[in-house]
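Everything below concerns the one structure shown next.
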Amino acid sequence: MKLLPPLILASQSPRRAELLKRLSLPFEVRPADIDEAALGHLEPAQIAQALAAQKAQTVWQPGQWVLAADTVVALGAEALGKPRDRQENKDFLRRLSGRSHTVYTGFAIQNPQGYLHSELVEATVSFRILREWELEWYTQSGEGLDKAGGYGAQGLGMVLIERIEGDFYTVMGLPVSRVWQRLQELGYLGQL
């Protein structure tokens, strides 16, 4: 089996790191320090793709493969970021209750020569109608505080979701199948 160089993961997301581990890809975490608020004037889909590209470009060094991603949860044209506190988390979930919303995950791969490929993947998530006690229970868990939209589909948040249309891993923060295909097309995976 071919020895792959480590991917530089320009993200501090434990979920993205977990997914790369599951793929048995060698990687190093190097979070990008960028001003995410500076892109707040863009549409949610544009924010996700632009942030992924910026993160990759920020940490890239010649000779390295970089993978970056960013996820934005959008209720209509409004981006719901990471909640500031439990009350805002509860407010987000109350607004998502009984409705569908879009999750955009942008990802970017930068190769050792500096070529940058960026892409956007979306999924639609439908929440069932949530009871007030469920909102309290979930927000008290603290799980949603570090997640766009205030919930995690892979954790306790799974009980909030009625249906997902599209790739589950897009909702989790990294569209794994699409990333794998692009890594292969760009030459990283070669002929494993």
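The figures follow:
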quantity: Mean Cβ neighbour count within 10 Å, used as a protection proxy, ranking 11-17, 127-133 highest first; calculated: 11-17, 127-133
quantity: Angle between the chain longest axis and helix 44-59 axis [Cα atoms, degrees, rounded to 10]; calculated: 40
quantity: Convex hull volume per residue in cubic angstrom - Cα atoms of region 42-150; calculated: 95
quantity: Calculated from backbone phi, Karplus (6.51, -1.76, 1.60) coupling profile of region 132-140 in Hz, x at Gly/Pro; calculated: 4, 5, 5, 4, 5, 4, 5, 5, 5
quantity: Theoretical FRET efficiency, 1/(1+(r/R0)^6), r = Cβ-Cβ of Leu186 and Ile164, R0 30 Å, to 0.05; calculated: 0.60
quantity: Amide H within-cut-off set for Ile8, under 5 Å, with H built and near neighbours excluded; calculated: Glu28, Trp65, Val66, Leu67
quantity: Relative contact order computed over the chain (Cα-Cα under 8 Å; 6+ residues apart), in percent; calculated: 21
quantity: Diffusion coefficient, µm² s⁻¹, Stokes-Einstein with Kirkwood Rh over alpha-carbon pairs of region 121-192 at 20 °C and 1.002 mPa s; calculated: 154
quantity: Dimensions in Å of the chain - Rg and Dmax from alpha carbons; calculated: 16.9, 53
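Values quoted throughout were computed directly from the atomic coordinates according to the rules given, and no laboratory measurement underlies them. Note that the structure is predicted; figures quoted are calculated from it, not measured. For neighbour counting, all protein chains shown are included, and Cβ atoms are generated from backbone atoms with ideal geometry for every residue, glycine included.
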